[in-house]
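The values are calculated or read from the model by the stated rules, or taken from the named source; none is laboratory data. None of the values given here were measured: they were computed from a predicted structure. Every residue, glycine as well, gets a Cβ built from its backbone with ideal geometry; the counts of neighbours run over all protein chains shown. Accessible surface is based on the protein model in full, side chains and every heavy atom, while ligands, DNA and RNA are left aside. Shrake-Rupley method; radii C 1.70, N 1.55, O 1.52, S 1.80 Å.
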Amino acid sequence: MAHAPQDTHGKLHLDTLAIHAGQQPDPVHGAVMQPIVLSTTFAQEGPGAHKGFDYGRSGNPTRNALEGCIAALEGATHGLAYSSGCGATTNVLHLLRPGDHVVCGDDVYGGTFRIFDKVMKPMGIEASFIDMQDLGRVRAAMRPNTKLVWMETPSNPMLKIFDIAGVAEIAKAGGAPLVVDNTFATPMLQRPLDLGASIVVHSTTKYLNGHSDAVGGFVATSDDELGGRLRFLQNAIGAVPSPFDCYLVLRGLKTLPVRMRQHVASAREIAGKLERHPQVARVIYPGLASHPGHALAERQMRGPGGMISFDLKGNLDQSRAFLKALEVFACAESLGGVESLAEHPAIMTHASIPAENRRALGISDGLIRLSVGLEAIEDLWADLDRGFAAATRAG
Ligand code: P1T
């Protein structure tokens with residue numbers, strides 16, 4: 001079973017797929033771990049007669065293994081790796097043509113909003129940003145030229161939960177594929193293709209790699225037509241990851257299931273404690289009964305994830321003081337690594353979103369986002385206490 005050929009992987013559990021899918025012992029040396037094949041070109045017996053690889057941008061054995069592994073985890077028949085999450089997003093948006101329209105969730109990573117606003121809009125591709133918690137609004141936003149529907153769920157940074165199956169049905173009725181950015185949930189907690197989405201996007205920089213040492217992106221689909229077009233674009237645009245980065249993500253994936261279980265357990269505990277803290281105005285975590293998407297998260301996810309956002313009472317100086325005082329949490333952008341991170345979305349990850357949009361979404365001066373890592377929970381809580389004490393002093 002350990003080295004089952006890829007076509008039996010559909011029958012294996014996610015914990016097993018995370019370790020084995022897409023990988024087989026090297027046929028030449030028997031190496032059990034995936035070799036890093038650095039060669040940029042591959043010898044051909046004669047013109048056009050090669051062993052499946054001709055040039056490193058078009059395909060690479062280490063990248064193939066990674067593509068097979070994440071595709072299996074998402075239950076997809078096509079997997080494509082990219083040099084970053086933004087690279088993956090940009091590739092998917094190249095499925096569109098000038099005059100096309102996208103219906104997008106209103107809460108997305110700042111860099112994703114920037115691609116829509118500063119890259120796609122000047123190319124004649126318009127996006128409407130909709131609070132998809134209300135399916136009626138999604139239905140109303142669909143136009144005859146809507147060619148794609150896009151969402152993050154849980155969304156970044158407000159952790160909104162959108163109904164994947166409900167939105168997929170509306171998208172399908174409008175003839176538009178639904179794309180779900182599954183970065184925050186990972187396939188361990190949510191498999192959008194099973195719920196009716198057509199395409200899954202990832203920043204592998206986050207949980208999938210899990211060690212904050214490789215930037216990468218991924219796209220998965222089981223639609224052959226979309227898969228073929230995306231494969232063409234991956235090669236034509238060329239935003240592909242290095243073989244070394246593919247190896248790092250493959251290595252990280254092996255512990256994804258155990259990491260996610262601990263991320264969820266620790267985040268649940270911290271979210272509960274934050275909710276009882278007098279200096280906290282509001283905790284946003286899909287695992288809390290107070291979260292408006294709690295029931296939906298319980299239905300469509302296998303756990304509420306490792307990300308928490310909360311409103312610290314007080315002013316911007318107090319938020320700064322809180323973040324500066326942390327010693328275990330690093331004040332840094334990104335998320336999903338073994339180490340805990342804390343950040344200020346309005347100043348850091350979501351600065352490219354116009355101030356009025358941020359206000360409407362609730363990305364306030366007091367909003368702090370935590371990526372709860374795998375350190376001892378007591379040390380994490382003591383660190384947050386240090387932050388609260390510093391915020392009090394700055395008040
Ligand atoms: O950074 P990159 O690998 O290009 O991924 C972009 C991206 C895409 N989708 C989501 C949901 C993301 O959160 C990100 C990147 N986000 C951060 C860097 C952050 O701190 O939120």
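Assorted remarks:
- Tensor-based shape of the range 14-253 (alpha-carbon gyration tensor, a/c under 1.5 rounded, otherwise prolate or oblate): prolate
- Label zone (ARG393, point 7 Å along Cα-to-C-beta; backbone nitrogen cut-off 20 Å) within the range 258-287: 278-280.
- Among GLY48, GLY272, GLY68, the largest mean-square fluctuation in a Gaussian network model of the chain (Cα springs under 10 Å) belongs to GLY48.
- For ARG139 and THR16, a Förster radius of 41 Å and the Cβ-Cβ distance give a FRET efficiency of 0.55, rounded to the nearest 0.05.
- Spacing of the two label points (7 Å from each Cα toward its C-beta) at ALA165 and SER290, in nm: 2.9 nm
- Simple point charges give the picture: +1 on the Cβ of Lys and Arg, -1 on the Cβ of Asp and Glu, and for the range 256-394 a dipole about the Cα centre of about 360 debye.
- Pair ARG359, LYS273: separation of 7 Å Cα→Cβ label points (nm): 3.5 nm
- In terms of accessible area, using a 1.4 Å probe and ignoring ligands and nucleic acids, ARG229, ARG320, ARG359, ARG259 rank largest first as ARG359, ARG320, ARG229, ARG259.
- Counting only alpha carbon atoms, the long axis of helix 61-74 and the longest principal axis of the chain meet at about 60°.
- Residues CYS86, CYS331, CYS104, sorted by accessible area with the largest first, give CYS331, CYS86, CYS104 [1.4 Å probe; ligands and nucleic acids excluded].
- Backbone N atoms of the range 194-209 closer than 11 Å to the 7 Å Cα→Cβ label point of GLU225 are not found in any residue.
- 0 to 90° range, to nearest 10: angle between helix 256-275 axis and the chain longest Cα axis: 10 degrees
- Ellipticity at 222 nm from helices only: DSSP H runs of n ≥ 4 in the chain, each -39500 (n - 2.57), divided by the residue count, give -10500 deg cm²/dmol.
- Relative contact order for the chain, counting Cα pairs under 8 Å that sit 6 or more residues apart, in percent: 16 percent
- Estimated distance in nm for a label pair at ASN315 and ALA43, the labels positioned 7 Å out from Cα along Cα-to-Cβ: 7.1 nm
- Candidate residues ILE70, ILE347: accessible-area rank, largest first, probe 1.4 Å: ILE347, ILE70
- Two-decimal Rg to Rh for the range 32-116 - Kirkwood Rh, Cα set: 1.08
- Comparing LEU296, SER58, LEU12 along the charge dipole axis of the chain, the residue lying farthest to the positive side is LEU296, per the Cβ-charge model.
- C-alpha center-to-center spacing [the range 226-279, the range 88-118] in angstrom: 20 Å
- SER212 long-range amide H proximity, modeled H, under 5 Å: VAL338
- Were the residues from ALA31 through LYS118 laid out at 0.36 nm apart, the gain over their Cα-Cα distance would be 26.7 nm.
- Geometric extent, Cα atoms of the range 327-395 - Rg, Dmax (angstrom): 13.3, 38
- Note on the chain: with a GNM built from Cα contacts shorter than 10 Å, the maximum mean-square fluctuation among PRO177, PRO345, PRO292 falls on PRO292.
- Taking amide hydrogens as placed 1.01 Å from N in the peptide plane, the amide H of GLU152 sits under 5 Å from those of GLY105, ASP181, each at least 5 positions away in sequence or on another chain.
- When each of LYS160/LYS313; LYS118/LYS254; LYS160/LYS254 is checked by Cα-Cα distance, pairs over 25 Å: LYS118/LYS254; LYS160/LYS254
- Vicinal HN-Hα couplings computed from phi for the range 306-318 (Karplus, 6.51 cos²θ - 1.76 cosθ + 1.60; Hz; Gly/Pro x): x, 9, 10, 10, 8, 9, 7, 5, x, 9, 4, 4, 6
- Candidates GLU152, GLU169, GLU67, ranked by Gaussian network fluctuation over the chain, Cα under 10 Å, top entry: GLU169
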